[in-house]
Amino acid sequence: MVKPTPIVQPAPPPPSKSDRFKSVGERRMSRVLKEFDLLENLASSNYHFTQDEVAHLLAALDARLESLRGKFEKAIARGAGMPKPKPVFTFD
């Protein structure tokens, strides 16, 4: 008896860079925001802290956020993240 040939489905196209950015960005931002919630919990009466310790913690967060902002601003300035135009041929 002849076995039927299995039907092979073509692989789905890989996600675009924009889709990957959104997918990875959503996952990473969700984790970061959860960690921020945990940091907020440190402000409860369950912990003892000084104003200097809080200032140190917030300064570290501000520095990292400023670094992140700078990375994206540089990337945008050099055109990263933007789709490259495809060459078009015309006789005109």
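The values are calculated or read from the model by the stated rules, or taken from the named source; none is laboratory data. Model, not experiment: these values are computed from the prediction. Don't worry about glycine lacking a Cβ; one is built from the backbone with ideal geometry, like all the others, and counts go over all protein chains shown.
Listed values, structure above:
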| read-out | value |
| --- | --- |
| Within region 1-31, considering residues that are surrounded by 10 or more Cβ atoms within 10 Å (Cβ to Cβ) and among the aliphatic types (A, V, I, L, M), the one farthest from LEU68 (Cα to Cα) | VAL24 |
| Test: residue in region 16-26 that is among the aliphatic types (A, V, I, L, M) and at pLDDT below 95 | no |
| Every pair of residues 6+ apart whose Cβ atoms lie under 8 Å, when the first sits in region 13-28 and is more than 13 Å from MET82 (Cα to Cα) while the second is assigned to a helix (DSSP H, G or I) and of a type outside the set (Asp, Glu) | PRO15/SER23 |
| Which numbered condition LEU42 misses (of (1) within 22 Å of the chain's Cα centre (by Cα); (2) modelled with pLDDT of 95 or more) | (1) |
| Residue satisfying all of: in region 55-92; over 17 Å from the mean Cα position of the chain (by Cα), assigned to a helix (DSSP H, G or I) and not hydrophobic (A, V, I, L, M, F, W, C); farthest from LYS17 (Cα to Cα) among these | HIS56 |
| Options ASP19, ASP52; residue that is assigned to a helix (DSSP H, G or I) and more than 29 Å from the chain's Cα centre (by Cα) | ASP52 |
